[in-house]
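Reviewing the structure listed below.
Derivation of every value follows stated rules applied to the coordinates shown; laboratory data play no part. Only a predicted model underlies this, so the values are computations on that prediction, with no experimental measurement involved. Note that each Cβ is placed from the backbone with ideal geometry, even for glycine, and that neighbours are counted across all protein chains shown.
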Amino acid sequence: MAREVVTDVVCPFCGSLCDDGEIVLEDGKIVETRNLCTIGTTKFLSSQNGHRITKPMIREKGQLKETTFDKAVKKAAEILVNAERPLLYGWASTECDAHRVGIELAEELNAVIDDTASVCHGPSTIAKQEVGLPSCTLGQVKNRADVIIYWGCNPAHAHPRHMSRYTTFIRGFFREQGKQDRTLIVVDVRNTDTAKLADHFLQVKPGYDYEVLNALRAVIKGQPIRGEDVGGVPVSKIKEVAEVMMNAGFGVIFFGLGLTMSRGKHRNVENAIKLTIDLNEYAKFVIMAMRGHYNVAGFSIVTGWQTGYPFGIDFQRGFPYYNPGETTSNEILQREEADAVLVIASDPVSHFPASSISYMAKLPVIVIEPHVTPTTEIATVVLPPAIAGVEEEGTAYRMDHVPIRLRKVVDPPEGCLPDRKILEAILSEVRKLKSKT
């Protein structure tokens, strides 16, 4: 058997975008991975399992039936052209050139284009627009940070190599002893596996992150706190942790959905950013969102330089319009405004509220997806792509907004094109159909 090891492979799963992977191939098939977490390994191995979709499908008489690529593209284009308010959703797990073509398609259709940030870190973006973001790269964290804070996130499970590559355990240029040179603080509503590793753990009552952030800011500013606890955290512990933060050489706050999707949402993040700004009176401090999907940060960057807005962009007026809560996916579905949906690189049926899913199930849905998912089960048209970072190269942005080039490791199944090529084919067919009307 011909055996080959592909090195310096970027893992296209989470926002860490670990770039030291090694993939072992035998006769052109992936048989082993090295330097990847369990989730990353699954991403590569699942590209070859039985749940892979390899042929385009169109629903006929309630059943999805295999068809040709051209017929599926034509059907998708007809659905989109005939819609008055199409919604193009997903984008978090594909590369930036697909985003570029998707924006062009949305503009051609006068559609709404939105990504998964509207149900995860959208509030983080809104907060950044309000007060800015004092941040840095993960390389700077690795080499300089001596105080690491994880707030409302659990990297031990969601970003398994984050702590060993960038923060807690890694030996950095100025932190040669790794964990011994660093202090780990975890703030969460439950005692997670990440919290069990912490030097200081603040267990916050659900929905009270804003109050605890305010209490830390009060201590830092020398203001008194009344009562014995804030948000379930003893005041004595808040003062102890504030002292550690103020005496940091280089501190970083990583925050997750515990801040963005709990009571307060973007105001929680805004307050966390203000806490970071307050701490810079005493120490070098930065803050960063723990982005989930590997290129969800890239979508907002591409849309930012093409439209001026990060997500939930509405082209119905003939120019980009942005108003979160009005132009974002769940609100559009729950108001029953959309009359067609294109889903790419995501699985909204697994994650959206029931009210959104029940309405979406009544609509014609086009899905660009390599695997069988709950969303493909309601699809009208399914177009299987090559998987970016496994079967196709491209660019993705790490959670610190550093662009990383994805590598191609193996060939895709015959007939499976990259996302951008599928979108280009749909866009071309849309333009042909519109030229006839």
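Using amide H atoms built in the peptide plane, which far-off residues or other-chain residues are under 5 Å from GLU32 H to H?
Those lying under 5 Å, H to H, from GLU32 are VAL24.
Helix 266-279 against the longest principal axis of the chain: what's the angle in degrees, Cα atoms only, rounded to the nearest 10?
Its long axis makes an angle of about 40 degrees.
Applying the Karplus parametrisation 6.51 cos²θ - 1.76 cosθ + 1.60 with θ = phi - 60° to the phi angles of region 135-140, what ³J(HN,Hα) value in whole Hz is obtained for each residue in order, glycine and proline being reported as x?
Result, ordered by residue: 9, 6, 9, 5, x, 5 Hz.
For MET57, MET261, which order do you get if you count the other beta carbons within 10 Å of each Cβ and list the fewest first?
Starting with the residue having the fewest Cβ neighbours, the order is MET261, MET57.
What are the ³J(HN,Hα) values, in whole Hz, obtained from phi via the Karplus relation 6.51 cos²θ - 1.76 cosθ + 1.60 with θ = phi - 60°, for each residue of region 367-380 in sequence order, with x given for Gly and Pro?
Karplus values, whole Hz, x for Gly and Pro: 10, 9, 7, x, 10, 6, 9, x, 6, 5, 5, 9, 6, 8.
Place a +1 charge on the Cβ of each Lys and Arg in the chain and a -1 charge on the Cβ of each Asp and Glu, then give the dipole magnitude about the Cα centre in debye, rounded to the nearest 20.
Its charge dipole is roughly 400 debye.
How many angstrom separate the Cα center of region 70-141 from the Cα center of region 291-318?
Cα centroid to Cα centroid, the span is 5 Å.
Placing +1 on the Cβ of each Lys and Arg and -1 on the Cβ of each Asp and Glu in region 1-140, which of GLY62, HIS121, LEU17 has its Cα farthest towards the positive end of the resulting dipole?
GLY62
Listing LEU363, LEU202 from the residue with the fewest other Cβ atoms within 10 Å to the one with the most, what is the order?
Least to most surrounded, the residues fall as LEU363, LEU202.
Hey, what angle do you get for helix 296-307 against the long axis of the chain, alpha-carbon based, 0 to 90 degrees rounded to 10?
70
If you filter region 101-199 for trypsin sites (Lys or Arg not before Pro), then keep DSSP loop positions with at most 14 other Cβ within 10 Å, what is left?
ARG171, ARG190
Do the sum for the chain: with -39,500 (n - 2.57) for every DSSP H run of n ≥ 4, divided by all residues, what is the mean residue ellipticity at 222 nm, to the nearest 500 deg cm²/dmol?
-10000 deg cm²/dmol
Along the positive direction of the dipole of the chain (beta-carbon charges: Lys, Arg +1; Asp, Glu -1; about the Cα centre), which of CYS96, VAL349, ILE185 reaches farthest?
My answer, from the dipole projection, is ILE185.
How much net charge surrounds HIS266 when only the other residues with a Cβ under 10 Å from the Cβ of HIS266 are counted, with Lys and Arg +1 and Asp and Glu -1?
+1
As I understand it, the value is the acute angle between the Cα axis of helix 209-220 and the longest principal axis of the Cα atoms of the chain; what does it come to in degrees, rounded to 10?
That works out to roughly 40 degrees.
Please list, ordered by chain and number, the residues whose modelled amide H lies under 5 Å from the amide H of HIS371; skip anything fewer than 5 residues away on the same chain.
Under 5 Å from the amide H of HIS371 lie the amide H atoms of ILE53, each far enough along the sequence or on another chain.
Where the centroid of each part is defined by its Cα atoms, how far is region 397-437 from region 173-222 in Å?
Centre-to-centre (Cα) distance: 41 Å.
Would you please name the GluC sites (Glu not before Pro) within region 340-437 that are DSSP coil residues with at most 13 other C-beta atoms within 10 Å of their C-beta?
GLU414
Could you tell me which trypsin sites (Lys or Arg not before Pro) in region 206-253 are loop residues by DSSP with no more than 10 other beta carbons within 10 angstrom of their beta carbon?
Those satisfying the criteria are LYS221, ARG226.
Using the Karplus curve 6.51 cos²θ - 1.76 cosθ + 1.60 with θ = phi - 60°, what ³J(HN,Hα) values do you get for each residue of region 97-108, in whole Hz, with x for Gly and Pro?
5, 5, 4, 4, 5, x, 5, 4, 5, 4, 5, 4
Would you order THR7, THR167 from fewest to most other beta-carbon atoms within 10 Å of each residue's own beta-carbon?
So the residues, fewest neighbours to most, are THR7, THR167.
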